[in-house]
Amino acid sequence: MARILSPRHLASPSSRSLTVVRSSAEGGGSGGPTSEPTPADEFGRLAATFRRRLVVGTGAASLLAIGANFGGLTSFLLGISPNTGRALRLDVLYPVNGFTRCFDLANAFEFIYPASWVGDQTLLYREAFKAESQRSLDPPPLFNRLKRPTRNFSEPIAAFGPPGSNGELNVSVIVSPVPLDFSIEAFGSPKEVGEAVLGRIAKSRRGTDIRATLIDATLREDPKNKVNYYKLEFKVEGPSFRRHNVAVCCARDGKLYTLNAQAPESGWSQVKKDFFQIADSFNLISA
């Protein structure tokens, strides 16, 4: 039954309200007044929905940008805390402070190098040929008397340098087999180890006027993994070249590891800091 409004219920135009009076049949209840949502209420609900969608969309876009290193975003974020990024080995995927990581699980070593450098093309072609030969569908000959080719252990298994360079500026790693009881410590102090290495370099270039000079030799110990790293800084001069080198030598489980970073003497001052970072990052890992 509808309620009848008396004149005193009517408001003046200056005090109009959005209150609506419904009949009891229409309201289905007590017939009390209910307020319709104002435009401000509607806008508030829409704004809340928009904020939720904005947060979700921005979060998804951020994850995509970080995962793809879009515009160097991931590298920038990792550069804020480089030690954390490197400890997690995220620099295998994304450069951290201008360096990326060579992580060779098969040969159990790792080190960082400038992110702008590329892999040595000779090594890449050799690895591609090896992989292709292993995938060959041709059956092997029944009587194969040919001796299998063996790897030249004086060749590096990893090498990086600036794109388009002539090889004078690069970093490489050589892994050579040695007796299980081989010990670098047997050569003596870091300086004596350095002199032994330089003597070997001189002997390997017989008939040429080569002079090698040891500048510095230090020892970095890793008691946890029982590995000693000998870092050597030296110069090698010949009739047609002058090079500056930083090398790291260590041995474990019948293998001798040698990392060598070399640069023309004329460019040493530009790469000195990078070379020492490379050398200090070289570590043996658990295979």
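Here are a few things to note about the model shown:
- Here the strands (runs of 3 or more DSSP E) wholly within segment 176-287 that include at least 1 residues being β-branched (Val, Ile, Thr) and either over 23 Å from Phe109 (Cα atoms) or over 23 Å from the mean Cα position of the chain (by Cα) (or both) are 211-222, 227-238.
- Residue, modelled with the highest pLDDT, within segment 78-118, restricted to residues that are buried (at least 20 other Cβ atoms within 10 Å of the Cβ) and of a type in the set (A, V, I, L, M): Ile112
- The set of residues in segment 245-284 that are without any contact (Cβ under 8 Å) to a residue 40 or more places away in the chain and closer than 19 Å to Gly199 by Cβ comprises Asn245, Val246, Val248.
- Exactly one residue out of Ser240, Ser269 is out of contact with any strand residue (DSSP E or B) (no Cβ under 9 Å at 6 or more places or on another chain) and at pLDDT below 95, and it is Ser240.
- Count of segment 220-237 residues which are basic (Lys, Arg) and at pLDDT 95 or above: 3
- Selection within segment 96-118: residues that are of a type in the set (Ser, Thr, Tyr) and more than 9 Å from the chain's Cα centre (by Cα). The member of this set that is nearest to Tyr257 (Cα to Cα) is Tyr113.
- Checking Ala261, Ala186 one by one, the residue that is surrounded by 12 or more Cβ atoms within 10 Å (Cβ to Cβ) and small (Gly, Ala, Ser) is Ala261 and no other.
- Inside segment 209-243, residues that are touching a Pro at 6+ places or on another chain (Cβ under 8 Å) and farther than 18 Å from Ser281 by Cα make up a count of 4.
The values are calculated or read from the model by the stated rules, or taken from the named source; none is laboratory data. The structure displayed is predicted, hence computed values, not measured ones. Note that we place each Cβ from the backbone using ideal geometry, even for glycine, and neighbour counts take in every protein chain shown.
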